[in-house]
Amino acid sequence: MKSANSRNESSAVKVKDPMGTNDDSVRRGSRTLQHPESAKVSTDVVDVSIVIPVYNEEAILHAAIVDLRERLEDAPWNYEIVLAENGSRDKTLQIAQSLAQKYGRVRAISVPEPNYGRALREGIEAARGRYVLCDEIDLCDVEFQRRAVELLEAGTADFVIGSKLLSGALDERPLFRHLASKMYTQMLRLLLGFHGTDTHGLKAIRRDVVLPVMRHCVVDRDVFSSELVIRADRAGLKMLEIPVRVMEKRPPSINLARRVPQVVKSLARLTWAIRIVR
């Protein structure tokens, strides 16, 4: 896996769809919530889809999307924002639906359970852009988005990972979270032969190339992102890591300690699927 340490640096894989269809619509019972306000987004070609999973984010969701739209006003590409709500217990779904009704570039899908991986997967499936940017609601890193799209358009990469652990990155989260990320990466290297520095967080992909690989993924929740990166690398896609800055704007929406047993279980399943079954 290649890396780009400078902040200024700027054959599709065909796999049978295990779901039994190549329809790019959203699967597994998710709902799409969209207001027909803007004919522009409905009829124009969408260059970039920004997919953001959201769970219990009522406190920051509206302000974050308004701010993101403002910072993308001069973007040189036509874009959409896909909010992938998943099992929230607060008003996140209602706020996402309201944003979709108000802004033509915003769409919302909903899955019925708290499941980051499933939300991200279905967001990518629902995306209409040639390029898909996977972001986080507490990051919305427009600098990464612009750099990554440039790299995808130039053909430099099929898959760009914004690494918080790469040389040149700035990880301003609490120390225990930084150390947990490094430990997790070491586990991926040991168990699955991972060659990079990071699999979670910001990503940018060529949708047509990565989608068939994604449909072979077997785990969801927190480990889905890792499986997607590792399978894409093993499939021979052009992978590139670039350093990013991350900081914690609010406590995680899911308790980190409670995630550990599920992560361990998913890693065991993924190791079996890749090392044994393949």
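All of the numbers you see were taken from the coordinates with simple rules; none came from a lab. Remember, it's a predicted structure, so these values are computed and weren't measured experimentally.
Classify region 86-143 from the C-alpha gyration tensor, please: rounded if a/c falls under 1.5, else prolate or oblate depending on whether a/b exceeds b/c.
It is rounded, given that a/c, with a ≥ b ≥ c, falls under 1.5.
Which whole-Hz couplings ³J(HN,Hα) result when phi for each residue of region 121-130 is put into the Karplus expression 6.51 cos²θ - 1.76 cosθ + 1.60, θ = phi - 60°, listed in order with x for Gly and Pro?
4, 6, x, 5, 4, 7, 4, 10, x, 5
Pairs 2/265; 91/164; 164/203; 102/249; 164/265; 203/238: which exceed 20 Å Cα-Cα?
In this structure, 2/265; 91/164; 102/249; 164/265 exceed 20 Å between Cα atoms.
Amide H to amide H, which residues 5 or more places from residue 82 or on other chains are under 5 Å from it, using H placed in the peptide plane?
For residue 82, whose amide H was placed from the backbone, the distant partners under 5 Å are 50, 51, 52, 107.
May I ask for the distance between the Cα centers of region 158-203 and region 227-244, given as a whole number of Å?
For region 158-203 versus region 227-244, the Cα centre distance is 12 Å.
Tell me, what HN-Hα J-couplings in whole Hz come from the Karplus equation 6.51 cos²θ - 1.76 cosθ + 1.60 at θ = phi - 60° for each residue of region 234-248, using x for Gly and Pro?
5, 7, x, 5, 7, 9, 9, 9, 10, x, 9, 9, 10, 9, 8
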